[in-house]
Amino acid sequence: MAAATPINVRNVPQYAPISINSNGDNTVVNAVTGQTIVVLGYVLVPPNNTAVTVTFKSGASTSLSGAMPIGGANNPPHLVAPDADHGHFATAAGQALVVNLSGASLVAGHLTYMLQ
């Protein structure tokens, strides 16, 4: 019997659940040496509808999105970015994908990404 061929996860969609509640930076996809994390789509929901602002970041310092308010009385109840073939944004090579929260409020959802 021939040995199994290893699967190369580069350029293959992968999925990550999101369940974060800490003020500040929250890593949602760990860094991979020499690889960028390309976000293809995401859903973010504050289940208790508490207002919070979220910002996607490459590692600890580079913002990949603007500050996006969700929840509460005057903001959208959730954020949805449908899957995009070429991605919405990407981290720098070797950096984690981080979601920064403006407050300690639960934000849940999921994202689709690939490594390049």
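All of the numbers you see were taken from the coordinates with simple rules; none came from a lab. This is a predicted model, so every value here is computed, not measured. Positions of Cβ are generated from backbone atoms using ideal geometry, with glycine treated the same way; all protein chains shown enter the neighbour counts.
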### Query
To the nearest 0.05, what FRET efficiency results for residue 80 and residue 33 with a Förster distance of 30 Å applied to their C-beta separation?
0.45
### Task
Go through 11-23, 42-54 and give me the packing order, highest mean Cβ count within 10 Å leading.
42-54, 11-23
### Task
Any chance you could run the full-extension gain for residue 67 through residue 110? It's 0.36 nm times the residue separation minus the Cα-Cα distance, nm to one decimal.
13.6 nm
### Query
How do the peptides 100-109, 26-35 rank, highest first, by the average count of neighbouring beta carbon atoms within 10 Å per residue?
100-109, 26-35
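Can you give the convex hull volume per residue for the Cα atoms of the chain, as a whole number of Å³?
Taking only Cα atoms, the chain has a hull volume of 111 Å³ per residue.
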#### Entry: Cα centroid of region 50-70 to Cα centroid of region 72-116, whole Å
8 Å
### Phi to ³J(HN,Hα) by Karplus 6.51 cos²θ - 1.76 cosθ + 1.60 over region 39-54, Hz, x for Gly, Pro
7, 8, x, 7, 9, 10, 9, x, x, 8, 6, 6, 5, 8, 10, 10
